[in-house]
């Protein structure tokens, strides 16, 4: 009997493709890309960016549908915080803070989408979770571009899909050459220029918006479609700290390292006892010939450098040390370093408060104080991780960053500085006020500068007058009968701080000389 060879047919891996809802959302995201670029980025990071980013996150949530059930409390907190933080762009025009808020929105959204899609590889409470978030922000938007667009035409032949791909490539090439060719034609012929201006108006800005939208759209599609359909089919992320596999070093090595550092910290504490703790009494140490400014700055930069080194040492020591005999001593010396760092952070913050009471607020003083607060809580979380092994310290750190950013963002750093300095000066708490520093702040400081126009000190009132005079042409335009408010721009460019500043300058325009 002849042997019969049975050939098992190769099992084709099922391609995950768009369903009807996915196709509809692909068109929605195409429209949202254009809206985000048009009224968000080109609108000057104001109301348009608030509305467009909030719509983007809401659309992504709806697109994921039933997967919303996968989101933990931590993920939901990050998602809600990201949407809420978009309101800062409508409230204030502080460029630096808006940049910081924008970055926190990006990373909060990444955490939210990672939780929403269930694509996390690591427990969200440990430091390895950073890899998941980085993957969401950096890798995923580029990784599934081909699959995302291939899935739009699941029933089409390979030849058809190839033709469509080349068509999209042609559109991309056209967008590269047309911005060069069209301006040359416009310059070459007046009639053509008039015709194009009548038909297209401001074609340059429109082309720029279209190009950026087209470049952004594939990245959005790759991110949303790749995470929603889970091409990688990841294993379920563990519900505890999964970094134990990295603990391969002997604890004695790190114990010796931290012990040596701790000895010098003890010597330093004793030798500088008066230097540190006089900060809490509000007076300078008599034995030190420092000004308030030097005393506060010296304390802060000392704290920053030492705290950064301490957190790094504690992290590597406990992240890579084996859990065995000697680990208890390592934990104890790590806790001592945490305590030392907390004392240093608290002392430095007290120095900064003393400095602010004498000289008032500046942006640098506000931001450094906020960073000191972050360091203080980060060390508390590190100590909690040492004492309670399952403490989700990465969640706590992320939540702290979001909360501090939200407090600064919604309070308005420029508004807070101007409000405090003017109020402290008028109440006598500050014996002088730096109007020049106030004039360098954003729109939210203008109403407070206007309060100084009638100050008894003619130098202060004169400086306030000069500061507001510089802003006349920013908000107003000159007419036959005086000053008038400039015409309001598109709705997407609306900003509360700008409008309040413009109205303040307009109301005082007759007094500004």
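Numbers at a glance
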| item | result |
| --- | --- |
| Top-ranked residue in the range 469-489 [being assigned to a helix (DSSP H, G or I) and touching a strand residue (DSSP E or B) at 6+ places or on another chain (Cβ under 8 Å); ranked as farthest from residue 453 (Cα to Cα)] | 475 |
| Top-ranked residue of the range 134-146 - restricted to ones that are part of a helix (DSSP H, G or I) and surrounded by 21 or more Cβ atoms within 10 Å (Cβ to Cβ), ranked as modelled with the lowest pLDDT | 140 |
| Qualifying residue in the range 81-96 (condition: free of Cβ contacts under 8 Å to residues at least 24 places away in the same chain and either more than 20 Å from residue 206 (Cβ to Cβ) or buried (at least 16 other Cβ atoms within 10 Å of the Cβ) (or both)) | no |
| Those residues of the range 366-388 which are without any contact (Cβ under 8 Å) to a residue 24 or more places away in the chain and under 12 Å from residue 400 (Cβ atoms), in sequence order | 377, 381 |
| Residue match in the range 56-75 (condition: within 18 Å of the chain's Cα centre (by Cα) and free of Cβ contacts under 8 Å to residues at least 12 places away in the same chain) | no |
| Count - residues of the range 321-334 that are in contact with a helix residue (DSSP H, G or I) (Cβ under 6 Å, 6 or more places away or on another chain) and part of a helix (DSSP H, G or I) | 6 |
| Unmet requirement for residue 492, which otherwise passes all of (1) assigned to a helix (DSSP H, G or I); (2) modelled with pLDDT of 90 or more | (2) |
| Which listed residue, of 225, 231, is in contact with a helix residue (DSSP H, G or I) (Cβ under 7 Å, 6 or more places away or on another chain) and at pLDDT below 60 | 231 |
| Meets criteria (under 26 Å from residue 474 (Cα atoms) and crowded, with 17+ Cβ neighbours inside 10 Å) for residue 413 | yes |
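So that you can scan it fast, the table gives a plain yes or no per residue for (1) modelled with pLDDT of 80 or more; (2) in the same structural domain as residue 40 (by TED's automatic domain parsing); (3) outside any helix (DSSP H, G or I):
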{"site": "122", "(1), (2), (3)": "yes, yes, yes"}
{"site": "148", "(1), (2), (3)": "no, yes, no"}
{"site": "155", "(1), (2), (3)": "no, yes, yes"}
{"site": "166", "(1), (2), (3)": "no, yes, no"}
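The values are calculated or read from the model by the stated rules, or taken from the named source; none is laboratory data. Everything quoted here is computed from the prediction, not taken from an experiment. FYI the Cβ positions are ideal-geometry reconstructions off the backbone, even for glycines, and counts take in every protein chain you see.
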